[in-house]
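The values are calculated or read from the model by the stated rules, or taken from the named source; none is laboratory data. Source: prediction; values computed, not measured. For neighbour counting, all protein chains shown are included, and Cβ atoms are generated from backbone atoms with ideal geometry for every residue, glycine included. What goes into the accessible areas is simple: the full protein's heavy atoms, side chains included, and nothing from ligands, DNA or RNA. Shrake-Rupley method; radii C 1.70, N 1.55, O 1.52, S 1.80 Å.
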Amino acid sequence: MKEQILAKFAELFGGESPVFASAGRINLIGEHTDYNGGYVFPGAIDKVIMAAIRPNGTDKVRAYSIDYGQMCEFGLKEEDKPEQQWARYIFGVCRETAKRGGKVEGFDTVFCGNVPLGAGLSSSAALESTFAYAINELWQNGIDKFELARIGQSTEHNYCGVKCGIMDQFASCFGKAGCLIRLNCKTMEYKYFPFNPKGYRLVLLDTCVKHELASSAYNKRRESCENAAAAIRKRHPEVEFLSDAKRLWLDEVREEIPQEDFLRAEYVIGEVQRVLDVCDALERDDYEIVGEMMYQTHFGMSKLYEVSCDELDFLARLARKMDVTGCRVMGGGFGGCTINLVKDELYQPFIEAAKAQFSAKYGHEPKVYDVVISDGASRIA
Ligand code: ADP
Ligand code: MG
């Protein structure tokens with residue numbers, strides 16, 4: 001990828017250039033916990049956006065996207081927002097850097113990537129983090145990595161119309177090979193845990209479906225969580241977020257809240273505990289427990305939180321039937337990918353069965369993404 005980028009850069013702009021990259025991400029466990037003040041547990045993957053970026057001594061950016069085969073030129077003032085969606089991510093990062101007092105001037109760039117777009121691996125965060133990291137280094141702004149992640153998040157909010165949390169950009173900026181990162185979404189404290197599943201592989205199966213309920217259902221889930229937390233708070237004032245509640249405290253208010261809210265809260269409180277259990281298991285190198293927790297999360301998301309769908313449940317059932325170590329829906333739900341922890345020797349038969357049986361039922365094969373936990377944002381040349 002690097003050679004291709006540098007060759008294109010030389011052709012368009014002449015000469016050499018520094019090269020930067022940042023990664024997409026997976027989240028092993030900890031879903032719908034972020035807005036409840038709980039933990040998420042992401043890691044950067046071996047799929048990246050890579051960019052040659054070189055200051056050009058003007059006040060304009062000239063950006064070429066290899067994957068779109070398009071050039072876009074834009075200025076750095078607020079009113080210079082470019083037309084192309086892909087260029088808005090770069091423009092947004094420039095603007096958000098400037099808003100934080102960072103220096104950024106014109107540059108030439110050529111970039112491409114192999115993070116699948118819109119598949120739940122956060123190609124957009126990889127793109128933002130690549131440019132946030134590079135601009136910070138090229139103009140020596142000294143912005144810390146957390147703020148670089150926030151630059152990416154604010155870019156999504158203010159220039160791309162996506163009200164996302166911090167997890168994706170955090171993972172892309174902080175990723176480390178062979179490590180997952182447990183992030184406390186209330187305090188923003190984080191800790192690295194080893195993830196070296198020898199004898200296992202991590203593979204995602206993309207259902208390639210997106211059911212439309214997602215955003216209204218999401219708002220309803222948030223409401224349920226807030227209701228449950230409010231009921232618990234009356235007896236236990238220290239409960240700021242639902243994740244602060246003990247399971248026992250939820251049982252105390254069972255009769256006071258709608259059954260639906262109870263089930264949603266049961267999932268969230270269980271999920272927060274499962275992240276902790278997975279971290280313990282990783283410190284003992286016990287990947288069987290990790291896998292079991294993944295199945296429990298899938299069950300919770302499907303039956304308690306009710307954000308799964310037929311296609312995802314089908315893949316999770318098949319995984320269970322074939323003795324795959326762990327499988328669950330990854331991301332918000334209603335479509336997208338399952339994330340699977342599979343023993344090496346089971347990998348081939350599982351993937352073949354998933355393709356054949358899924359396509360017999362749904363008319364298309366799931367897409368397969370192998371992932372390895374890898375480094376996040378860095379300069380690579
Ligand atoms: P994801 O879940 O992958 O983050 P998004 O819709 O948030 O999906 O972001 C995808 C967008 O990010 C694309 O529409 C494009 O604008 C930009 N993008 C991602 N990867 C690339 C790439 N390789 N080249 C150009 N733009 C990209
Ligand atoms: Mg995105």
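See the values below:
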| item | result |
| --- | --- |
| Cα-centred dipole magnitude for the range 277-329, charges only on beta-carbon of K, R (+1) and D, E (-1), debye, nearest 20 | 260 debye |
| Cβ-derived FRET efficiency at R0 25 Å, LYS8 paired with VAL368, nearest 0.05 | 0.30 |
| Heavy-atom accessible area order for LYS191, LYS47, largest first, 1.4 Å probe | LYS191, LYS47 |
| Per-residue [θ]222 nm for the chain (sum of -39500 (n - 2.57) over DSSP H runs n ≥ 4, rounded to 500) | -14000 deg cm²/dmol |
| Simple spin-label estimate for LEU117 and LEU248 in nanometres, 7 Å along Cα-Cβ | 5.3 nm |
| Extended-chain gain in nm, criterion 0.36 nm per residue less alpha-carbon gap, LYS81 and GLN259 | 59.3 nm |
| Among THR297, THR33, THR130, residue whose mean-square fluctuation peaks in a GNM of the chain (springs only between Cα atoms under 10 Å) | THR33 |
| Neighbourhood net charge (9 Å Cβ-Cβ; Lys/Arg +1, Asp/Glu -1) for PHE20 | 0 |
| Theoretical gain in end-to-end length, ASN56 to ALA230 [0.36 nm per residue, Cα-Cα removed] | 57.2 nm |
| Range of Cα positions in the range 187-329 per principal axis (Å), largest first | 49, 36, 26 |
| Charge context of ILE380, other residues only, Cβ under 14 angstrom, K/R +1, D/E -1 | -3 |
| Calculated FRET value between LYS103 and SER216, using beta carbons and R₀ = 30 Å, to 0.05 | 0.10 |
| Interatomic Cα distance distribution for the range 90-140, bins of 10 angstrom, percent | 23, 51, 23, 3 |
| Pairs from LYS210/LYS343; LYS2/LYS198; LYS8/LYS361; LYS145/LYS355; LYS2/LYS367 whose Cα-Cα separation, in the structure shown, is over 32 Å | LYS8/LYS361; LYS145/LYS355 |
| Most mobile of ALA44, ALA265, ALA353 in a GNM of the chain (Cα contacts under 10 Å) | ALA353 |
| Two-site label geometry, ILE289 and TYR190: point separation in nm, points 7 Å out along Cα→Cβ | 2.5 nm |
| Area accessible to solvent at ILE90, 1.4 Å probe radius, in Å² | 0 Å² |
| Within the accessible area of the chain (1.4 Å probe), percent carbon and sulfur | 48 percent |
